[in-house]
1. Given the condition among the hydrophobic types (A, V, I, L, M, F, W, C) and modelled with pLDDT under 95, answer yes or no: does some residue in the stretch 52-68 qualify?
2. If a residue must be in contact with an Asp or Glu (Cβ under 8 Å, 6 or more places away or on another chain), surrounded by fewer than 18 Cβ atoms within 10 Å (Cβ to Cβ) and farther than 27 Å from Pro351 by Cα, how many such residues does the stretch 296-329 contain?
3. So is Val21 modelled with pLDDT of 95 or more and either touching a Pro at 6+ places or on another chain (Cβ under 8 Å) or part of a helix (DSSP H, G or I) (or both) or not?
4. Can you name the residue in the stretch 225-261 that is outside any helix (DSSP H, G or I) and over 22 Å from the mean Cα position of the chain (by Cα) and, of all such residues, is nearest to Val368 (Cα to Cα)?
5. For the condition touching a residue at least 24 places away in the same chain (Cβ under 8 Å), more than 20 Å from Ala59 (Cβ to Cβ) and surrounded by fewer than 16 Cβ atoms within 10 Å (Cβ to Cβ), what is the one hit in Pro178, Pro133?
6. Might you let me know whether the stretch 368-380 holds any residue that is under 30 Å from Ser416 (Cα atoms), within 30 Å of the chain's Cα centre (by Cα) and modelled with pLDDT under 90?
7. Please find, among Leu202, Leu225, Leu261, Leu239, the residue that is aliphatic (A, V, I, L, M), without any contact (Cβ under 8 Å) to a residue 60 or more places away in the chain and in contact with a strand residue (DSSP E or B) (Cβ under 9 Å, 6 or more places away or on another chain).
8. So, Glu160, is that one farther than 19 Å from Ala77 by Cβ and either in contact with a Phe, Trp or Tyr (Cβ under 6 Å, 6 or more places away or on another chain) or modelled with pLDDT of 90 or more (or both) or not?
Amino acid sequence: MTQEIGSFAALGIHPSVLAAVTAVGYEEPSAIQSQAIPVILGGHDMIGQAQTGTGKTAAFALPILSKIDPTRKEVQALILAPTRELALQVATAFETYSKQMPGLTVVAVYGGAPMGPQLKAIRQGAQVIVATPGRLVDHLSRNSALLGTIQYLVLDEADEMLKLGFMDDLEVIFEAMPESRQTVLFSATLPHSIRAIAEKHLREPQHIKVATKTQTVARIEQAHLMVHADQKIAAVLRLLEVEDFDALIAFVRTKQATLDLAAALEAKGYKAAALNGDIAQNQRERVIESLKDGRLDIVVATDVAARGLDVSRITHVFNVDMPYDPESYVHRIGRTGRAGREGRALLLVTPRERRMLQVIERVTNQKVAEARLPNGQQVLEARIKKLTNSLSPLVADAEASHGELLDKLVADIGCSPRALAAALLRKATNGQALTLAEVEKEQPLVPTSAPRSERSDRPERSGDRERRAPIPLAEGRARCRSPLGARDGIAARNLLGAILNEGGLAREAIGRIQVRDSFSLVELPEEGLERLLGKLKDTRVGGKQLKLRRYRED
């Protein structure tokens with residue numbers, strides 16, 4: 001059996017790992033994966049320069065899992081991540097890719113969660129630890145031999161770790177591991193501090209860089225919408241109600257997702273079909289021809305299946321799943337706006353994917369404006385407009401051709417012409433909801449907290465006045481005070497890192513941070529504040545107690 005060039009199978013990953021990747025439905029490795037996996041499998045130290053969202057988690061997870069021995073009940077791989085959120089995301093990826101490896105255990109180690117379950121998982125022989133530096137140092141203070149069996153170390157988003165002030169913690173962690181380990185470092189940028197780490201702790205590393213090459217097309221109107229991951233299909237259905245499209249291609253990440261979304265669209269009466277790598281070439285050609293001639297209006301596709309797809313009537317692209325990298329995004333939206341026509345591209349973004357949206361905007365040098373999901377009133381107006389447009393051409397000669405039949409039906413049924421017209425409308429619309437109350441019952445969507453935090457992680461300049469009036473608080477936030485300030489050598493990034501990792505918060509939960517000379521002010525969620533302050537009561541920053549308390553503004 002021949003292996004397809006450019007496939008995961010051709011990269012040499014372990015059959016059990018390959019089986020899990022195939023089950024997930026990933027079809028083709030990304031650029032960073034195809035370059036990094038052979039290097040890591042070959043045992044080389046490596047520096048990977050790649051942005052968030054390029055598929056770098058799989059780039060190190062797949063080869064490391066291919067090398068781990070699940071029968072050895074000891075820690076073999078350590079992945080360090082700058083935040084609790086990223087640590088959980090990476091741990092979930094390792095669990096997904098190791099589903100066909102009985103006996104392999106992954107434990108996430110981060111602040112803001114009880115240490116007991118983490119300690120228990122490690123004692124029971126977890127082979128993979130995914131950790132934030134601060135919490136891992138806490139574990140090392142209790143068990144200095146914890147990392148003595150590490151064979152593989154990954155520093156994920158190393159530049160972010162240094163921005164959050166983890167340099168000292170990293171040195172403690174490096175000292176606790178065998179020098180014979182294999183070390184892989186991923187960073188979007190390579191400032192001097194990162195290069196210094198590489199020179200000190202990596203052995204003849206190979207350098208892999210994924211460069212950005214393309215820019216988006218100016219004539220394509222772009223927008224993003226914030227949604228929860230489990231509401232994507234409902235969001236797509238709402239958008240289709242109000243978007244005036246001719247033909248549309250919806251991009252998802254996996255083969256199964258193409259089938260699920262296409263089935264949901266067909267159930268709602270849309271002429272839709274799936275397009276993925278499992279579909280034979282002759283069937284693929286039939287799908288594309290049907291899209292060209294109007295027998296199909298929507299194709300749900302994976303990236304690899306849509307290569308070379310050139311259909312001039314495609315007016316819209318829906319990025320239902322976030323692409324792996326900016327280049328994939330550019331390729332996707334380029335399926336519309338063909339032959340000089342204008343196009344519209346919509347991107348669904350979950351709260352965890354905000355950073356990837358920022359990467360896309362930075363790389364393409366274009367702002368992807370925020371839009372809102374249509375509300376019930378907008379859906380109702382769109383339905384009535386479509387019904388009006390479909391009936392208007394029929395009204396002109398309808399009374400001449402069907403007037404007598406109308407009179408007979410009214411007499412036979414014993415109803416008014418208005419009642420009969422209403423019944424015929426119900427039949428013509430297949431019982432579709434045409435009142436606001438009914439529409440809002442159909443697809444209730446919970447809005448996400450779309451506005452980005454106005455947090456500033458930069459300290460005040462030294463010339464700022466000590467008693468500057470506090471900035472008005474956003475709704476749902478409380479301002480807290482720490483006696484640590486600029487004169488203690490504290491920067492906003494130090495406070496941010498400590499609160500993220502010890503408080504167990506997502507970045508979006510922390511508002512503005514103001515560092516004054518002798519104290520600092522931090523905006524935190526009002527809900528659950530006392531419990532959060534309890535978690536942070538023993539937290540230290542720069543060797544000094546944080547002592548964060550609610551700030552009363554008199």
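The values are calculated or read from the model by the stated rules, or taken from the named source; none is laboratory data. Owing to the predicted nature of the structure, the values given are computational and were not obtained by experimental measurement. As a convention, Cβ positions derive from the backbone with ideal geometry for all residues, glycine included, and neighbour counts pool all protein chains shown.
1. Looking through the stretch 52-68, at least one residue is among the hydrophobic types (A, V, I, L, M, F, W, C) and modelled with pLDDT under 95.
2. 1
3. On the way: modelled with pLDDT of 95 or more: no; either touching a Pro at 6+ places or on another chain (Cβ under 8 Å) or part of a helix (DSSP H, G or I) (or both): yes.
Judged against the criteria, Val21 is not a match.
4. Glu243
5. Selected residue: Pro178, the only one of Pro178, Pro133 that is touching a residue at least 24 places away in the same chain (Cβ under 8 Å), more than 20 Å from Ala59 (Cβ to Cβ) and surrounded by fewer than 16 Cβ atoms within 10 Å (Cβ to Cβ).
6. Step one: of the stretch 368-380, the residues under 30 Å from Ser416 (Cα atoms) are 377, 379-380.
Narrowing further to those that are within 30 Å of the chain's Cα centre (by Cα): 377, 379.
Filter once more, so that each one left must be modelled with pLDDT under 90: 377, 379.
Yes: the stretch 368-380 contains one or more residues that are under 30 Å from Ser416 (Cα atoms), within 30 Å of the chain's Cα centre (by Cα) and modelled with pLDDT under 90.
7. Numbers: Leu202 fails: without any contact (Cβ under 8 Å) to a residue 60 or more places away in the chain; Leu225 fails: without any contact (Cβ under 8 Å) to a residue 60 or more places away in the chain; Leu239 fails: without any contact (Cβ under 8 Å) to a residue 60 or more places away in the chain.
One residue alone meets the criteria, Leu261.
8. It is false that Glu160 is farther than 19 Å from Ala77 by Cβ and either in contact with a Phe, Trp or Tyr (Cβ under 6 Å, 6 or more places away or on another chain) or modelled with pLDDT of 90 or more (or both).
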